[in-house]
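Here the structure comes first, spelled out in structure tokens, and everything after it is commentary.
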Amino acid sequence: MADTAQRRGRRIMMTPQELDAFLSEQRTCRVATVSADGTPHASTLWFVWDGASLWLYSITRSRRWSDLRQDGRIAVVVDSGEEYGELRGAELSGRVEFVGESPRTGEPCPELVEPERLFTRKNFGLETMPHDGRHAWVRLTPDKVASWDFRKLAEL
């Protein structure tokens with residue numbers, strides 16, 4: 001029975017191309033962090049995917065930021081769909097890297113040119129990133145990715 005479920009799980013996984021397209025088109029993710037006392041914390045955030053890493057633009061005075069500064073482990077879920085047969089998503093996990101100044105004021109940072117271009121176009125419809133001096137970037141290049149696309153269940 002477990003073997004059947006495992007085979008079905010593999011069949012509803014997104015292909016690398018499907019996963020890349022899905023993460024590129026979605027905007028909102030749920031971020032799970034761990035506080036110093038071990039308490040889990042989940043929050044919602046906009047993100048951008050560059051094909052290899054998930055970039056999160058977080059308020060630096062948030063619990064999420066404080067948690068990540070103490071413990072860089074993170075799990076992120078990106079999902080969509082309302083009806084059961086429409087559900088699809090991905091969970092990405094690993095450790096974040098802090099990139100650029102904190103908080104971000106727009107100082108030149110070659111690593112942030114592409115993520116900021118993608119993020120600004122996707123979320124604001126602008127060409128130039130507006131910096132408010134309250135946010136900063138973390139990058140998650142996932143160690144582990146799990147994905148699902150329940151639309152594939154109709155094909156099984």
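Considering only region 103-139, state which residues are within 17 Å of Gly51 (Cβ to Cβ) and either in contact with a Ser or Thr (Cβ under 6 Å, 6 or more places away or on another chain) or of a type in the set (Phe, Trp, Tyr) (or both).
Phe119, Trp137, Arg139
May I ask you to list the residues in region 55-107 that are touching a strand residue (DSSP E or B) at 6+ places or on another chain (Cβ under 6 Å), within 22 Å of Thr128 (Cβ to Cβ) and not hydroxyl-bearing (Ser, Thr, Tyr)?
Trp55, Leu56, Ile59, Val99, Gly100, Pro103, Arg104, listed by residue number.
Based on this model, can you work out whether Glu25 counts as modelled with pLDDT of 95 or more, open to solvent by 80 Å² or more (accessible area, probe 1.4 Å), under 27 Å from Phe150 (Cβ atoms) and out of contact with any Cys (no Cβ under 9 Å at 6 or more places or on another chain)?
Spelling it out, Glu25 is indeed modelled with pLDDT of 95 or more, open to solvent by 80 Å² or more (accessible area, probe 1.4 Å), under 27 Å from Phe150 (Cβ atoms) and out of contact with any Cys (no Cβ under 9 Å at 6 or more places or on another chain).
If you take the residues in region 56-97 that are among the β-branched types (Val, Ile, Thr) and in a strand (DSSP E or B), which one is surrounded by the most Cβ atoms within 10 Å (Cβ to Cβ)?
Looking at residues that are among the β-branched types (Val, Ile, Thr) and in a strand (DSSP E or B), I get Val96.
For region 126-144: of the residues being under 15 Å from Arg73 (Cβ atoms) and part of a strand (DSSP E or B), which is farthest from the chain's Cα centre (by Cα)?
At the first step, the residues of region 126-144 found to be under 15 Å from Arg73 (Cβ atoms) are 138-144.
Now restrict to residues that are part of a strand (DSSP E or B): 138-140, 144.
Values: Val138: 10, Arg139: 9, Leu140: 7, Lys144: 12 Å.
Restricting to residues being under 15 Å from Arg73 (Cβ atoms) and part of a strand (DSSP E or B), the top hit is Lys144.
Specify the residue that is nearest to Gln26 (Cα to Cα); the eligible residues are those in region 39-55 that are small (Gly, Ala, Ser), open to solvent by 30 Å² or more (accessible area, probe 1.4 Å) and not in a strand (DSSP E or B).
Pass one, region 39-55, residues small (Gly, Ala, Ser): 42-43, 51-53.
With open to solvent by 30 Å² or more (accessible area, probe 1.4 Å) added as a condition, the list becomes 42, 51-52.
After this cut, where a residue has to be not in a strand (DSSP E or B) as well, the list is 51-52.
Details: Gly51: 13, Ala52: 15 Å.
The residue in question is Gly51.
Select from region 101-129 the residues that are at pLDDT below 95, within 21 Å of Ser24 (Cβ to Cβ) and of a type in the set (Asp, Glu) and list them in ascending order.
Glu127, the sole residue that qualifies.
The values are calculated or read from the model by the stated rules, or taken from the named source; none is laboratory data. It should be emphasised that the depicted structure is a prediction, and the values quoted were computed from it without experimental measurement. Cβ: placed from backbone, ideal geometry, glycine included. Neighbour counts: every protein chain shown. Calculation scope for accessible area: heavy atoms of the full protein, side chains included, ligands and nucleic acids excluded. Shrake-Rupley method; radii C 1.70, N 1.55, O 1.52, S 1.80 Å.
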